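Below: the structure, in structure tokens.
Values in this text are rule-based calculations from the coordinates and carry no lab data. Computed from a predicted model, the values in this text were never measured in an experiment. All Cβ positions, glycine included, derive from the backbone under ideal geometry; neighbour counts span all protein chains shown.
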Amino acid sequence: ATAMILTGCVNLSQATRALDRNIYLMVGTSLALGTAISLTGAASFISDSIINSFGNSSPTMILSAFFLVVALFTNTLSNSACAILFTPIGVGLAINLGIDPRIFAITCLFACNCSFATPIGYQTNLLVMGPGQYQFSDFVKAGLPLVLLIWLTFTLAAPFYWDL
């Protein structure tokens, strides 16, 4: 950006007009929301709910449920905030199940990158929303089936890859 201003590709007023305050506000509020979820005990509640709901199920089912929960949350929080929030939850789940915590950490990594179902899930979605004249519903229509496809593929492939 500095090089573009210094070389005259854009002037300073054009550069400042190109900044979208909504993006910065959304990222800041997403990180704050992630912190609030952690501090209020909602993170522990989510972990306990997954264990209580699927406690008698196989590790594959719990892993699949964890993936889906994280994938849904990553579309309301930023993917970074979601990773910060859900990695400890996943590690706790793995320890309770007696399996390698890296499996849940990697699951969290994949699920946190399923942020295409809303424009607020990832900064780039917000960047293209205005200029592309997209609506919120456009992201849901295109992104939600993709999230579900990735979740299903992960659920079917994970037991073979990690020998669960």
Using θ = phi - 60° and Karplus 6.51 cos²θ - 1.76 cosθ + 1.60, couplings along segment 112-126 (whole Hz; Gly, Pro as x): 5, 9, 9, 9, 10, 8, 9, x, 8, x, 8, 4, 5, 4, 5
Could you work out the mean projected area of the convex hull around the alpha carbons of the chain, in square nanometres to one decimal? 11.5
Take the alpha carbon gyration tensor of segment 48-118, find the square roots of its eigenvalues, order them as a ≥ b ≥ c, and report rounded if a/c is under 1.5; if not, report prolate when a/b exceeds b/c, else oblate. prolate
Sort 116-125, 37-46, 87-96 by the packing proxy (mean of other Cβ within 10 Å over each peptide's residues), most packed first. 116-125, 87-96, 37-46
Distance in nm between pseudo-label sites at A36 and L19 (7 Å out along the Cβ direction from Cα): 2.5
When the Karplus curve 6.51 cos²θ - 1.76 cosθ + 1.60 is applied with θ = phi - 60°, which whole-Hz ³J(HN,Hα) does each residue of segment 81-87 get, with x for Gly and Pro? 4, 5, 5, 4, 6, 8, 4
Inter-label distance, nm, simple model (7 Å from Cα along the C-beta direction), M4/M61: 5.2
Assuming 0.36 nm per residue, please report the length gained on full extension of the stretch S80 to V140 beyond their Cα-Cα distance. 19.6 nm
